[in-house]
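Where a number appears in this text, it was derived from the coordinates with a stated rule and is not lab data. On a predicted model such as this, the values are computed, not experimentally measured, just so you know. All Cβ positions, even for glycine, are placed from backbone atoms using ideal geometry, and neighbour counts span all protein chains on display.
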Amino acid sequence: MHIGIMTGGGDVPGLNAAVRAVTRRGLSYGYTITGILNGWAGLAENEMRPVTDESVSGIMHLGGTILGTSRVNILKDQALVKEVLKNARSAGIDVLVVLGGTDTLTIAAGVHEAGLPIVAIPKTMDNNVCGTDYCIGFDTACTVIAEALDRLHTTASSHHRVIVVEVMGRNTGWAAAIGGLAGGADIVIIPERPISAADVCSRIHHRFEERGKAFSIVIVAEGAGISDLPDPDLGEPDDFGNLRLDRRNVGKRLQRQIEACLDVECRSLVLGHLQRGGSPTVFDRVLATRLGVAAADLVEQGWVGHMVALQGNRIVPVPLRSVAGQVKQLDPEFWELATIFY
Ligand code: F6P
């Protein structure tokens, strides 16, 4: 058995731990393992290198991905799909293990159906892949957010300010809600629950005037809709139809609106790619290891066309097709829990 392994889409801490786990388990089965460099674009360009026990030694704690990554939608160009199939075939790859988020896994389902057998592993700090409770990288991102909020609390309270923290989250608010819950945010704004800036201001006013608070931390997901803050021009979408949401500057614009309607000092910051950098947390290392080993086991058992997923505390296979093109919104129970504290 010869397996390929690829990481696609946005990087997250924990990818290397998963690559190591797939490799170690695969080697124990006697497999040959080839690393595909730079995601789907790399496979279309035939960028590959052997992965050995030595190449995955000491990488568990490293953020990023030793394989490199890219965001290219090869399904938009059948010539690229043909190249991918041809290159995998001529390298002798029997099964490709793909680590990806919603976009990469949608491509994986298409490529599997086009003839290259695939086993998938969910990773994204957005945690919005269907069929799994958690994706690799989400816990680390929430930990970064919670640590940032801890630091912001001390400075916000000393200066009696409002601080608006913008976090990633294109179409779902998992990181904002869970990171905000852990970091004690006072107001959380997510794509699933659109709000107006006027409403945000009246909540802050209520905190200051009715509850005697002297500061507030507001966390906003980059993709959250704020009805009375119309978006600037965001340019052309990428191959997947995604706009550059960092260009929305929603946190900065909300800060200005708060300053305009309330007599408080307000500051804003964007956590950005800090949420995807650095070492993975223990949770992400263990999740990545469990999912990586399970992916190699699925290959061994012939369960191609499936994604390994965490459901409760079990790792289970789910059909890749049921995951493709889907987005998992924030579980309303977490929203109810978080809003108890707002
Ligand atoms: O990986 C998904 C994501 O984290 C989104 O929340 C965010 O919009 C996007 O990545 C930004 O990534 P990049 O700047 O690397 O394209």
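Which of the lysines could a cross-linker span from K328 if the Cα-Cα distance has to be under 18 Å and same-chain partners fewer than 8 positions apart are dropped?
Counting by Cα, and skipping residues close in sequence, K328 has these lysines nearby: K123.
Before rounding to the nearest 500, sum -39500 (n - 2.57) across all DSSP H runs of length at least 4 in the chain and divide by the residue total; then give [θ] at 222 nm in deg cm²/dmol.
-12500 deg cm²/dmol
Classify segment 139-277: rounded, prolate or oblate, from the alpha-carbon gyration tensor (a ≥ b ≥ c, eigenvalue square roots; a/c under 1.5 rounded; otherwise prolate if a/b is larger than b/c)?
Oblate shape, in that a/c is at least 1.5 and b/c is the bigger or equal ratio.
List the lysines whose Cα sits under 19 Å from the Cα of K86, skipping any in the same chain fewer than 8 residues away.
Reachable lysines: K76.
All other residues with a Cβ under 12 Å from the Cβ of V327 taken together, and with Lys, Arg as +1 and Asp, Glu as -1, what is their net charge?
Details: positive: R170, K328; negative: D103, D126, E192.
Neighbourhood net charge equals -1.
Let me have the relative contact order for the chain, percent, based on Cα pairs under 8 Å that are six or more residues apart.
Relative contact order here is 23 percent.
Please label the shape of the chain as rounded, prolate or oblate, based on the square roots a ≥ b ≥ c of the eigenvalues of the alpha-carbon gyration tensor (a/c under 1.5 means rounded; beyond that, a/b larger than b/c means prolate, else oblate).
Here the chain falls in the prolate category.
Can you give the charge dipole size of segment 139-277 about its Cα centre, rounded to the nearest 20 debye, using +1 on the beta carbon of Lys and Arg and -1 on the beta carbon of Asp and Glu?
300 debye
Could you list L229, L269, L298 so that the one with the fewest beta carbons within 10 Å of its beta carbon is first and the one with the most is last? Walk me through the numbers on the way to the answer.
Working: L229 19, L269 14, L298 22.
Taking fewest neighbouring Cβ atoms as first place, the list is L269, L229, L298.
What is the helix-to-structure angle for 15-28, meaning the angle in degrees between its Cα long axis and the longest Cα principal axis of the chain, kept from 0 to 90 and rounded to the nearest 10?
20 degrees
With springs connecting C-alpha atoms under 10 Å apart, model the chain as a Gaussian network and identify which of G131, G35, G58 has the largest mean-square fluctuation.
G58
Compute the Cα gyration tensor for segment 200-342, then decide on rounded, prolate or oblate, letting a ≥ b ≥ c be the square roots of its eigenvalues: rounded whenever a/c is under 1.5, prolate when a/b is larger than b/c in the other cases, and oblate in all that remain.
Note, shape of segment 200-342 comes out prolate.
Could you line up V81, V327, V119, V144 from fewest to most neighbouring Cβ atoms inside 10 Å?
Least crowded to most crowded, the residues run V327, V81, V144, V119.
List D233, D139, D228 from most exposed to least, where exposure is judged by having the fewest other Cβ atoms within 10 Å.
D233, D228, D139
Taking the Cα centre as origin and putting +1 on Lys and Arg beta-carbons and -1 on Asp and Glu beta-carbons, what dipole magnitude results for segment 263-329, to the nearest 20 debye?
Around 140 debye, computed over segment 263-329.
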